[in-house]
Amino acid sequence: MLIADLDEHAALLDRLEALEAYDIMDSPSEPEFDGIVQIATALCKAPVALISLVDAERQWFKARVGFSPSETPLSQSVCRHALASSDLLIIPDLKDDPRTRDNTLVTGEPFIRFYAGAPLITPDNITIGSLCVIDSVPRPHGLDNEQREGLRALAGQVIALFEARRLSQRKDDLFRRQKSLTSHMRAAANETLAAQEAGGVGTFEVDIETGQAKTSPAFCRIFHLPVAPIYPSSLFEGMVVESDRGLQSSDLGRREATDSLDVEYRINTDVGIRWISRTASFVHDESGRPIKMIGAVKDVTVIKRAAARVQALLDLGDRLNHLTDTESMAMAAADLMAKALDATRAGFGIVNLADETVMMQPEWTAPGVVSLSGRHHFRDYGSFINDLRLGNPVVIPDVTQDPRTRDNAQALLDLDIRVLVNVPIMDQGRFNLVVFAHHTHPYAWSTEELAFLRSFGDRIQAAIARVHAEAEQMVLQRELGHRLKNTLAMVQAIASQTLRPVKERNHVDAFERRLHALSTAHEILLERNWSSAPVSNVVEKTLDRLSVRERIDIVGDPIMLGPKGTLSLSLVLHELATNAIKYGSLSNTTGRVAINWHVEGEGDLSSFNFSWQESGGPQVAEPQANGFGSKLIRMGLAGTGGVNVRYEPSGFVAQMHASLPQLQQADI
């Protein structure tokens, strides 16, 4: 495609985008535009005047005089030739101009001969069409200066009307959207009083000199105060919770214009803690001195609590994964639940189900709220123990109204408990712990908050079940390890008794050492629940048994092996080390061994590479006969082969490789 073609294509895209923005194509006739073409015909003394808009395949007439069709194809368009010009296009005789002489509107009905068009150029400098006049007779002299200027002015007026029309449409659209949004907000606000308060936006204006604040009715409702036109700003500042102090504005901060303008903080109200989002700006006098702070506030409690609930569930999983006892889990859960629900007290208690008592542990409390630490009887506060016994969470929005607590409400109110949440923790099916959260004011629980409490309880139960399962597995593993160790000891004792008459004691000793190596491998696996073992641990513990660790240099990647790989590597290491002690570099006082391992490749094709290299020992030579140990070494890791054994002048070298996924298998 040529550069000129690219430019033309780009201009077409710009024009189509501009026409779409005006939303003018195929719109009904409008008197403002009809009047402009009437003026154009009178000004230029022409029988035809058109407001022509050119898109990709046609020219369409927003207004027309003396011309019947409402649109024509581009092949009949004279106005398209005006798109490339920033000024008037005047063709005195269309029949003589090479651009138009073959146009069917020139060669046939209505036999047009003269054309003058002023381009319609948007504020973004995009030409979308033209305002043109047409005559059926040639005009060698075209238009006079007055007619030219008038046609240009009328074209500018067309664009001005297009812009005004677009702005009006946008305003109407915004109004419709605002009206629709307001309608939806009102419908939602009517559902509950809490939702009504959360959906409002209040405005304020603080006189910095006097400290008095003009407040809108919505502002007063958001702060849960009687509606009044003026309040001292210090009243609102005093409502901010202690831990958020410093976020709100102050007399000094307003006078110096240093207060943060966009902040979120919590306030204490008669209905509990609420989250406020405040946006503000300063008004200055002519000297630049701040004289007013104006702004808006919105109750964002619902949004903040929703975010806090999500974060609490995420944090709960992270914290429970690192805890191993039930009481620590309960305390972590209570802490997170208090933050997510803006509670005034939260903690946990140890339950004695036999006498229906609970020993409350030291808990989290809001400032000024007394601790419940100590022993309490459930029945002193109501009948909700019946639900807790069944493992059901208890949620009471108002203890004075709920049938389970209203007869004992005063006992709860004396402890600053108006709202009560209890989540039972079932330990192996038995109700042993209770996690609780309290509010000092009535609280309307949302469906989302109740679902959060159920999910919270389920996650705690699952975590505690995991801890119990892991503990039971650990006991089982230890018991199996103990029995396996006893079995190996029994095998060793039987072998010692059975092989006592054998005169070739070196074979007997080698057999016993191999049993020790096998026992060591089992101990390493038992440390990790028989699932896997680090290569470094296998190497270290196997060599420690032979008392040669200080003469061996070990370098390797952090790699885990399964039971199969662990047992195989332990036995191979044992044979390599005992051979080095007998015949190789560890048979004197100066020799050393270098051990190295690493992984090559990725995924199912990854390979475990192991190297044993001796140095500083006596001259070594390949033995004439291979015993069991040599055969075990040449079998390689997990019996897969892949072994290169060399007897070099510097010392014995063994290099092995095997499939890493095979060595990491859980089965043996």
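Taking a ≥ b ≥ c as the square roots of the eigenvalues of the Cα gyration tensor, the stretch 193-299 is prolate, since a/c reaches 1.5 or more and a/b is larger than b/c.
What shape does the stretch 325-378 have by the C-alpha gyration tensor, where a ≥ b ≥ c are the square roots of the eigenvalues, rounded means a/c under 1.5, and otherwise prolate means a/b greater than b/c and oblate the rest? Taking the square roots of the gyration eigenvalues as a ≥ b ≥ c, the stretch 325-378 is oblate.
Look at the alpha carbon pairs under 8 Å that are at least 6 residues apart: their mean separation over the length of the stretch 193-299 gives a relative contact order of 29 percent.
Over 32 Å between Cα atoms, which of K62/K171; K45/K171; K214/K304 qualify? Flagged as over cut-off: K45/K171.
Per-peptide packing, taken as the mean over residues of other Cβ atoms within 10 Å, places 388-395, 354-361 in the sequence 388-395, 354-361 from highest down.
For the stretch 59-113, chymotrypsin sites (Phe, Trp or Tyr not before Pro) meeting the loop criterion (DSSP other than H, G, I, E, B) and having at most 15 other Cβ atoms within 10 Å: F111.
Measuring r between the beta carbons of S650 and L353 and using R0 = 56 Å, the FRET efficiency lands at 0.15.
Computed from backbone phi with θ = phi - 60° and the Karplus coefficients 6.51, -1.76 and 1.60, the 3J(HN,Hα) list for the stretch 13-19 is 4, 4, 5, 5, 5, 5, 4 Hz; x is used for glycine and proline. For chymotrypsin sites (Phe, Trp or Tyr not before Pro), the sites in the stretch 567-613 that DSSP calls loop and that have at most 16 other Cβ atoms within 10 Å are Y583. Based on alpha-carbon atoms, the Kirkwood radius and the radius of gyration of the stretch 372-430 give Rg/Rh equal to 0.97.
For the stretch 306-470, the fraction of alpha-carbon pairs lying more than 18 Å apart is 56 percent, rounded to a whole number.
How many angstrom lie between the C-alpha centres of the stretch 569-605 and the stretch 66-110? A separation of 95 Å, based on Cα centres. Working from Cα pairs under 8 Å separated by at least six residues, relative contact order for the stretch 3-165 is 23 percent. Net charge within 14 Å of N588 by Cβ-Cβ distance, Lys/Arg positive one each and Asp/Glu negative one each, not counting N588 itself? Once all neighbours under 14 Å are counted, the net charge is +2. If you model the stretch 27-130 as an ellipsoid using its alpha carbon gyration tensor, with each semi-axis the square root of five times an eigenvalue, the axes come out at 20, 17, 14 Å, biggest first. The loop-placed trypsin sites (Lys or Arg not before Pro) in the stretch 55-119, going by DSSP, that have at most 13 neighbouring Cβ atoms within 10 Å of their Cβ come out as R99, R101.
None of the figures in this text is laboratory data; all of them are computed from the coordinates on show. None of the values given here were measured: they were computed from a predicted structure. No Cβ is skipped: glycine too gets one built from the backbone with ideal geometry, and neighbour counts run over all protein chains shown.
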